[in-house]
Structure formats: C-alpha cells, structure tokens
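What follows is a single structure, written as structure tokens, with notes after it.
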Amino acid sequence: MRCGLRVPTDHRSHGLDAHQGARPPPFGTIPPVNAEVPPKKSSRRPRAAATLLALAAVLAALPAPAQDRPAGPDSGSAPPLRLLTWDAGAGTTWTPLYFAVDVDSYVAGAGQVLREVRATRPQARMHALAAHIAEAAPEVAAVQALGRWSVGARSPGLHCGPMRLESDMLAALQHGLRQRGVPYRVAVQATQFALPPMPAQLAPGLRRCVQVTERNVILVRADLPRGRGGWHNPQSGRLDAPALPPTALAPRGTAQLGVWPGGRAWASVDVRWHGRLLRVVTAQLAHLDPFMPHERRFDGELLRAMAGASPLPVALALSSHGSAGPPPDAVYADFLAEGFRDAWTQARPGTGGATCCQAPSMDNAESLLSRRADLVWLRGAVRAVDAALLGAAPLRPDGAGLWPSDHAGVLATLKLEPAPRPAP
C-alpha cells in the first residue's frame, strides 16, 4: 500500500462535486483468531518535508482570478462574514468492525454498526441541523461526517443484490434547508471513505449487504448579493494515504470482508465577500490511534502548510478530535506556535465553548459536552468579532429526544480586513 498525499484536485465549475475521482480509504484483511497484530508503522515522516514543500508550491500557484481580486484598502469596510463548522456525527463509533477477529464477528459487527446508525435517526437529525443553520443563516457552512447508507439483499455466500439507498445525511440536510426557505449550494465536497458492500447480520436469519460513504462538504448561501458575494476555486484532497479501489480486491456485486472505515479528506473553496476573498478549508482530523499516535499532528502539519501557502487569508473549519484545553493538546499547541488564531478565544476570551461530545447514541438526557474540539483557525487579514455554539439543546425540549449531533456547531463571525499595502 502506498503512503503519501494526494495533490489537490482543481474543479473550476461551480457546483461540481469535488470528491469525484477520489480514491477510497485503505482496506485490510481480518487477522486470524488469536493472531498477534503488529503495531502499525507510518512512513509519512521521512517524506513529510518534501511532500509539504511540493504541496505548498502547488497551492501557492493557485491565485484568485483577476476579476475576483480583493478591493484595496480604500474600498471601505466589508460587513462581517458568518462561518459555521459542524461535525454532523456518524451515529456509531465503528468499534464492532475495528475489533472483529473472524468472519462471524465481522458480519455481526457490520449489522451492529447499521443498527446503531439507524437508532440515531440520521434523517431527523439533519432536519434539526437544518433548523439551526437556517436560523443562524451563515454565509458559509462547513459540515463534516455526512454519511450515506445503502442496504441490499444477500444470498447465501457473499453475493449482493441491488443496493437501495436508506439514508443520505447531505440530501436530508439540503432538503431541510430548502423547506425553511434558506437556499444553500454545495460549493465543494470530499469523500472521506467509501466502503464497498459488506455482509451484515441485522437479525437472526436476516442477511443483508450494507454500504456506506462519508463526506465533508462546504455549503455557501445561494442568495448572496449579486456582485458582492460568491465562491470559486473548489479544491479537495486527502490527509491520509490513497489505497487500491475495491474493484481491484473483489468482483463487482460481491460483499467484502475485512474492510473498515478510515480515511480523512480536506476540501476548500475561495469565498468572495464584498470585494474581499477568504479561503475556507474544512477537514476532520484523525482519531487518536494507539498504533499511530502522531497521525493527528501530521494532519495538522499538512493543513498549516496549505494555509501558509495560500495567497489569501484562510479560515480552517476543523473537527479536531482533540482538545483546546486547558491544558491544550499537542495539535492545538502546534497551531498556536505557528501563529494561527483561534476564532473562539479571539472573540470570546475566557469562556468555555465546549463542543464535544454527547454519547455516540445521542440519546443522553443531560449534555455531556466537556471539551472544545471543533475549531476555526484563522490566518492572514481576517479576525473573529463574535462566536456562538449551535445545537446545544436536544431535538425535543424535554430532553427525551436525540441531540442533533454528538458535537455542537461553532458559528464564527469574521471581519475581513483590507490587504496591507506593500512597503514603498
């Protein structure tokens, strides 16, 4: 399996799905029962410096089109731009798949994962997210971990029948926004992982195939004032290593054993706002893996290199899977050390702002939010003037319903500053 970083893909047409052509995540095989699993090793560090330099050169070569250049310092003050970041919540920890050790436990685990997802009512949760987004009406919304599940019949053995779409969190979110009269367009989306059909035991004697894709997206208001707001230059790429497509591993229509969710993708778009430009980047960093403890720091290193190479001011809208503290974790400290500004602490110094995490089942009656894991990092001529949390109340006011996500959303109100004049 190759290890490396994917060069960003440039999609120039508005509305083009930025995840087209992206490779799925790494796949592996289940070790035999009682087999000793050796620790994973990463080959990323020896290549990191060269890879980051190459990526920086590519990104630096992508300036905004001439007609979209920010206005000069004398153009007047632009109104604030509201940016939302929200991890939508997968509805499962995927643990039954990660810890499967043989065929039976894998098939049972796939069924358990789907039952967990169903119990969180993803379609209803996305309508709740839509209600929060419509009320706040940010110009830009970055949403991570949007799942798309399909289910099909499975004959004895591993043959899958036609797959039927069961739930699509992105489609449900868009539908909820349209119902509320607040139009958004998908400016860019990136596939984090796309698992092929897996054999699943949903109940005794109920054999099925299940399939899932997870995406990160950036939504932009479709009703921005003409000539004063818009977007262009959607980009996407991977934080992790690409892998072989599933068709190289098994015939089409065959359920696959030994595949598991994994993969991290970033997406970005340049937002034009009253004569100024802001590059918005979204990503979901790695979970802490005891076999690969440095993966989250590698992810942060890549994102900082991208921001540093940008000719525009940058807002990184991240689900960090970490903690801003106190005390802050190493990834948060890395961003501070390289001069990035945390929008929450800039706008609301000394306040909590916890965004993580409710129970994976999202049915806890009392809030369990205890750490600030969802962040907006700023670099360049942009500053935060306000910040707020969304989704801190469950779907039903009596506390007996589901939370919209296991994360709260962060709404940052940003002021785009004029670009500094060059020195005489």
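The values are calculated or read from the model by the stated rules, or taken from the named source; none is laboratory data. Since this is a predicted model, take the numbers as computed values, not measurements. So basically every Cβ, Gly included, is an ideal-geometry build from the backbone, and we count neighbours across all protein chains shown.
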If I filter the range 88-107 down to residues being of a type outside the set (S, T, N, Q) and more than 30 Å from GLY409 (Cβ to Cβ), which single residue comes out as nearest to the chain's Cα centre (by Cα)? PHE99
Can you pull out the residues in the range 316-351 that are in contact with a Leu (Cβ under 9 Å, 6 or more places away or on another chain) and either surrounded by fewer than 16 Cβ atoms within 10 Å (Cβ to Cβ) or at positive phi (or both)? HIS321
How many residues does the range 70-91 contain that are at pLDDT 95 or above and polar (S, T, N, Q)? 1
Return yes or no: is PRO261 in a loop (DSSP other than H, G, I, E, B) and without any contact (Cβ under 8 Å) to a residue 24 or more places away in the chain? no
Qualifying positions in the range 238-273 - closer than 28 Å to VAL151 by Cα, at pLDDT 75 or above and not hydrophobic (A, V, I, L, M, F, W, C): ARG238, ASP240, PRO261, GLY262, GLY263, ARG264
Scanning the range 121-164 residue by residue, those out of contact with any strand residue (DSSP E or B) (no Cβ under 6 Å at 6 or more places or on another chain), under 13 Å from SER405 (Cα atoms) and not hydrophobic (A, V, I, L, M, F, W, C) turn out to be ARG121, ARG125, HIS127
Before we move on, is THR120 of a type outside the set (A, V, I, L, M) and touching a Leu at 6+ places or on another chain (Cβ under 7 Å)? yes
Is it the case that the range 389-400 has a residue that's buried (at least 18 other Cβ atoms within 10 Å of the Cβ) and touching a strand residue (DSSP E or B) at 6+ places or on another chain (Cβ under 6 Å)? yes
Quick one: which of ALA343, ALA337, ALA347, ALA387 is out of contact with any Pro (no Cβ under 6 Å at 6 or more places or on another chain) and either aromatic (Phe, Trp, Tyr) or over 15 Å from THR413 (Cα atoms) (or both)? ALA337
With the condition kept exactly as written, say whether any residue in the range 237-246 is touching a Gly at 6+ places or on another chain (Cβ under 7 Å) and in contact (Cβ under 8 Å) with a residue 12 or more places away in the chain. yes
Can you find, within the range 175-201, the residue that is modelled with the lowest pLDDT among those that are of a type in the set (S, T, N, Q) and in contact with a helix residue (DSSP H, G or I) (Cβ under 8 Å, 6 or more places away or on another chain)? GLN201
Under 9 Å between Cβ atoms, which residue pairs at least 6 apart in sequence (or on different chains) link something in the range 91-104 that is over 15 Å from HIS287 (Cβ atoms) and touching a residue at least 60 places away in the same chain (Cβ under 8 Å) with a partner that is among the charged types (D, E, K, R) and part of a helix (DSSP H, G or I)? GLY91/GLU116; GLY91/ARG118; GLY91/ARG125
Go through the range 281-380 and tell me which helices (runs of 4 or more DSSP H), entirely inside it, have 3 or more residues that are aliphatic (A, V, I, L, M), modelled with pLDDT of 95 or more and under 24 Å from PHE193 (Cβ atoms). 295-309
So, in the range 353-367, exactly how many residues are in contact with a strand residue (DSSP E or B) (Cβ under 9 Å, 6 or more places away or on another chain) and farther than 17 Å from ALA286 by Cβ? 4
